[in-house]
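See structure below.
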2 protein chains.
Amino acid sequence: MLPAMSIVMHDLAGADPDLRFSPYCWRTRFALAHKGLPVETIPWRFTETEAIAFSGQGKVPVIRDGAEVVSDSWAIAEYLEDRYPSPTLFGGTGGRAHALFVNAWADAVLVGGIARFIVRDLFDVIDPKDRHYFRISREQRFGTTLEAVQEGREERLAAFRNQLMPVRLVLRRQKWLGGTAPSYADFIVAGTLMWPHCGSPFALLAGDDPIGTWFREVQALYGGLGLAAKCV
Amino acid sequence: MLPAMSIVMHDLAGADPDLRFSPYCWRTRFALAHKGLPVETIPWRFTETEAIAFSGQGKVPVIRDGAEVVSDSWAIAEYLEDRYPSPTLFGGTGGRAHALFVNAWADAVLVGGIARFIVRDLFDVIDPKDRHYFRISREQRFGTTLEAVQEGREERLAAFRNQLMPVRLVLRRQKWLGGTAPSYADFIVAGTLMWPHCGSPFALLAGDDPIGTWFREVQALYGGLGLAAKCV
């Protein structure tokens, strides 16, 4: 079943409205594309809380599907799977339950880990009106300046790459995190990697990392949705 | 369908044959119990490679199910799911594919992490005939003595506990890693935790960690299989 009209999605953008780099919005973009659902994205900045007040909270992604409004990338994935079951995002009830572990790992390990490599770079690409909010909120979270968070990143790279070992181990045994076909697990991890890929010039993955090969294959899906993304 | 006779499983044991502490054998024990399959375990020590030579490799778990011999805990889980589909271990094809990520995370993060807290304790409980092999192989792996690996563990505990965050995040949203019912994902993580639980007196989890509550619930399944386990 297709929706009566395009799904509308508020999507984090930089000063350049075509620069989209949110790790959570990218999970949703891939999920919508997987379902074959047309989407109209609206560029949104961190401080535009009024623009999404209709969702009852202040973060993106938010989707509006006719009368339905859903926020939070995981809740959106569950909504899409229930409302438009085919093609499946999760591969059944066990697939959904276990994908939540991948989501939790990406949130706890990937997002937190990657932020320490690119948060100062992101400051350069976000909209000028977001800069005060971004610096204050992130410096409070990390307990130091954006500049200090990112400092010495080359020396920390090996340890970070080692943390991606679970992904590498899975890809030794199957083509996608979803098995023989891409699933939401692929979109969780690849969506999160779109964040440094688009928002920072820093190369997080080694050139010979098999995760890089898989990441490009996810980007190539759905007419090259990820490959076409504007990047800094 | 039930097998014609009990499945026979070679299970790592300590000097005390009733002390079973392998993180991989415990994954298999829980999987067999979940399937309701009768099992006869044979205590096995690291150096008894001839006793499992019939499996074509040198590690446990190994199961013999009539004419079928399967080694490696993941391969055994897949074998059991295919041969005895109900009750399900994975919850469908997506569940199986995504459980491989949990397995990879447990192998890369949990097993490696936990070893650094208990490897010297394990030396005390393994069979005397295994000690030379155990010390040499583990000291080669870690590049230092068993004593040095375990040193300063109290100071490293907070960082280790923080690495368990993905499990905690999932358990905030669902009762089991498998969702509304336990799945092989629960057995992977709980089976791995049986290793320090049975093999070492050191308390890895904080008393108020929700993972501890869930772990006791997994142990209580199948007539209290995990609760009845002999521990040091």
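The values are calculated or read from the model by the stated rules, or taken from the named source; none is laboratory data. On a predicted model such as this, the values are computed, not experimentally measured, just so you know. Neighbour counts are summed over all protein chains in view; Cβ atoms, including those assigned to glycine, are modelled from backbone coordinates with ideal geometry. To get the accessible areas, we keep the full protein, side chains included, count just its heavy atoms, and leave off ligands, DNA and RNA. Shrake-Rupley method; radii C 1.70, N 1.55, O 1.52, S 1.80 Å.
Starting from the Kirkwood Rh over alpha-carbon pairs, what translational D in µm² s⁻¹ does the range A:128-232 have by Stokes-Einstein at 20 °C and 1.002 mPa s? Translational D for this selection: 137 µm²/s.
Rounded to the nearest 20, the Cβ-based charge dipole of the range B:1-64 about its Cα centre (Lys and Arg +1, Asp and Glu -1) stands at 280 debye. Working note: Karplus 6.51/-1.76/1.60 with θ = phi - 60° gives the range B:105-117 the couplings 4, 4, 5, 7, 9, 5, 4, x, x, 5, 3, 5, 9 Hz, where Gly and Pro are set to x.
Shown for chain B: cysteine residues without a partner Cβ closer than 4.7 Å, namely B:CYS25. Electrostatic bookkeeping for B:TYR24 treats Lys and Arg as +1 and Asp and Glu as -1; over the other residues with beta carbon under 12 Å from its beta carbon, the sum is +1. Would the range B:30-144 count as rounded, prolate or oblate if I go by the C-alpha gyration tensor, calling it rounded below 1.5 in a/c and otherwise prolate when a/b exceeds b/c, oblate otherwise? It comes out oblate by the Cα gyration axes.
Where the accessible area of the range B:30-87 is counted over protein heavy atoms with a 1.4 Å probe, how much of it, in %, is carbon and sulfur? In the range B:30-87, the share of accessible area belonging to carbon and sulfur is 49 percent. Close amide-amide hydrogen proximity is noted between B:ASP11 and B:ILE42, B:TRP44, each under 5 Å apart and 5 or more residues distant or on a separate chain (H modeled in the peptide plane; Pro and chain starts excluded). Label point of A:GLY207 (7 Å along Cα→beta-carbon): distances to the other copies' equivalent points are 5.5 nm, sorted ascending.
Rounded to the nearest 100, the interface formed by chains A and B buries 2300 square angstrom of accessible surface, both chains summed, with a 1.4 Å probe.
Summing charges over all other residues whose Cβ lies under 13 Å from the Cβ of A:GLU151, with Lys and Arg as +1 and Asp and Glu as -1, gives 0.
Comparing the full protein assembly with the isolated chain, the residues of the range B:103-150 losing at least 30 square angstrom of accessible surface (1.4 Å probe) are B:ALA104, B:TRP105, B:ALA108.
Considering Cα pairs under 8 angstrom that are at least six residues apart, work out the relative contact order of the range A:78-232 and quote it in whole percent. Relative contact order for the range A:78-232 comes out at 26 percent. Anisotropy class assigned to the protein assembly as shown is prolate, per the alpha carbon gyration tensor with a/c at or over the 1.5 cut-off and a/b larger than b/c. Between A:THR213 and A:ILE136, the distance separating the two model label sites (each 7 Å from Cα on the Cα→Cβ line) works out to 4.8 nm. Summarising the overall dimensions of the range B:2-41 from its C-alpha atoms, the Rg and Dmax are 10.7, 33 angstrom. Anisotropy class assigned to the range B:72-196 is oblate, per the alpha carbon gyration tensor with a/c at or over the 1.5 cut-off and a/b no larger than b/c. Other protein chain C-beta atoms within 10 Å of residue C-beta, averaged over B:84-93: 4. Among A:PHE142, A:PHE30, A:PHE117, which one shows the highest mean-square fluctuation when chain A is modelled as a Gaussian network with alpha-carbon springs under 10 Å? Of A:PHE142, A:PHE30, A:PHE117, the Gaussian network model singles out A:PHE142 as fluctuating most. Inter-copy label distances at B:PHE142, shortest first and taken from points set 7 Å along Cα to Cβ: 3.3 nm.
Could you work out the percent of alpha carbon pairs in chain A separated by over 22 Å, rounded to a whole number?
51
Compared with the alpha-carbon gap, the fully stretched path from A:ALA203 to A:CYS231 is longer by 8.8 nm at 0.36 nm per residue.
A label point on A:ASP16, set 7 Å along the Cα-to-Cβ line, lies at 6.5 nm from each of its counterparts in the other copies, closest listed first.
For the cross-link pairs A:LYS35/B:LYS35; B:LYS35/B:LYS59; B:LYS129/B:LYS230; A:LYS175/B:LYS175; B:LYS35/B:LYS129, the ones whose C-alpha atoms lie over 28 Å apart are A:LYS35/B:LYS35; A:LYS175/B:LYS175; B:LYS35/B:LYS129. Shown is the FRET efficiency for A:ASN162 and B:ARG83, computed with R0 = 35 Å from the Cβ-Cβ distance and rounded to the nearest 0.05: 0.45.
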